[in-house]
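The values are calculated or read from the model by the stated rules, or taken from the named source; none is laboratory data. These figures come from a predicted structure and were not determined experimentally. Using ideal geometry, Cβ is built from the backbone for each residue, glycine included, and neighbour counts are taken over all protein chains shown.
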Amino acid sequence: MTDNYHSNMINSLLSEYEQTIARLVLFSLTELPFPLGVKKTIDVLKGNKSAFTINHSLNKLHTFSVLPGYTRDQLSDMLDILINNGLIAVENISAGDEEYPVLKITSKGNDYLAGKLPTEFVLLDALMDRDVPEISEDDQDLYYKLKQTRRQLAEENDIPAFMVCSDMVLRNICIKKPMENEDLEKIKGVGSKFMENYSKQFLYVIRQWVTREKNI
């Protein structure tokens, strides 16, 4: 067998693998008795037997613990990719005086689940935790720490990570390394909401990294 045959076979298998993972995530949303936010959706996929999942019988779903081998970060990235490609939507529901973002499968997501649409996205970067090529090798560690910070903030607020900031903004923050509010505000895509809710955490990570790198 030729190298070309092996390459085509690997690409085909990876594509099928990617489609299977995406469909499992989408199917889990259709199986839920009510829509959930990012954090609790990940709890279902990973099989977290919390009081919430047990009290609402989520542990009895077919998709409960269907993806236990992936980290919360990887599953969060997968959800972001599916949201950005229009297969999952983020909607706000009211509970008392507050609103909470929840995930819902879209009509496009249902079509994909039924095999009516081709795969137009890449999940493997999230599954394999590949680094973003635009970031220099020296800055990879900082980028990883900033990405972790974004994920933690997203999970604390039960929202998709991209709602904290986009990948482009995150890369620009990493490259420019602002250490003061006025420098962070100058980065394209950083708005007043980001500054109010997340600036302290990101600036802390950058200052710690710069201090360590420069041995200050």
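Report, by residue number, each residue of region 1-33 that is of a type in the set (A, V, I, L, M, F, W, C), over 16 Å from L67 (Cβ atoms) and free of Cβ contacts under 8 Å to residues at least 60 places away in the same chain.
Matches in region 1-33: M1, M9, I10, L13.
List the residue pairs whose Cβ atoms are under 6 Å apart, where the first residue sits in region 36-64 and is in a loop (DSSP other than H, G, I, E, B), the second is hydroxyl-bearing (S, T, Y), and the two are 6 or more positions apart or on different chains.
These pairs meet every condition: G47/S65; T63/S28.
Check whether at least one residue in region 131-139 is of a type outside the set (D, E, K, R), part of a helix (DSSP H, G or I) and either surrounded by 15 or more Cβ atoms within 10 Å (Cβ to Cβ) or not assigned by TED's automatic domain parsing to the domain that holds L87 (or both), and report yes or no.
Within region 131-139 (the criterion being of a type outside the set (D, E, K, R), part of a helix (DSSP H, G or I) and either surrounded by 15 or more Cβ atoms within 10 Å (Cβ to Cβ) or not assigned by TED's automatic domain parsing to the domain that holds L87 (or both)), the answer is no, since none of the residues qualifies.
Considering region 1-40 alone, what residues qualify as being at pLDDT below 95 and β-branched (V, I, T)?
T2, I10, T20, I21, V38
Sort through E91, E99 and tell me the only one that's within 16 Å of D158 (Cα to Cα), modelled with pLDDT of 90 or more and surrounded by fewer than 17 Cβ atoms within 10 Å (Cβ to Cβ).
E91 is the lone residue from the list that is within 16 Å of D158 (Cα to Cα), modelled with pLDDT of 90 or more and surrounded by fewer than 17 Cβ atoms within 10 Å (Cβ to Cβ).
Before we move on, is K145 at pLDDT 90 or above, surrounded by 13 or more Cβ atoms within 10 Å (Cβ to Cβ), under 28 Å from D43 (Cβ atoms) and out of contact with any helix residue (DSSP H, G or I) (no Cβ under 8 Å at 6 or more places or on another chain)?
When the stated conditions are applied, K145 does not pass them.
Go through L117, L82, L67 for me and flag whichever is at pLDDT 90 or above and assigned to a loop (DSSP other than H, G, I, E, B).
It is L67.
Being of a type outside the set (A, V, I, L, M, F, W, C) and surrounded by 14 or more Cβ atoms within 10 Å (Cβ to Cβ) is the filter here; which residues of region 184-216 pass it?
Answer for region 184-216, where residues must be of a type outside the set (A, V, I, L, M, F, W, C) and surrounded by 14 or more Cβ atoms within 10 Å (Cβ to Cβ): E185, Y198, S199, Q201, R207.
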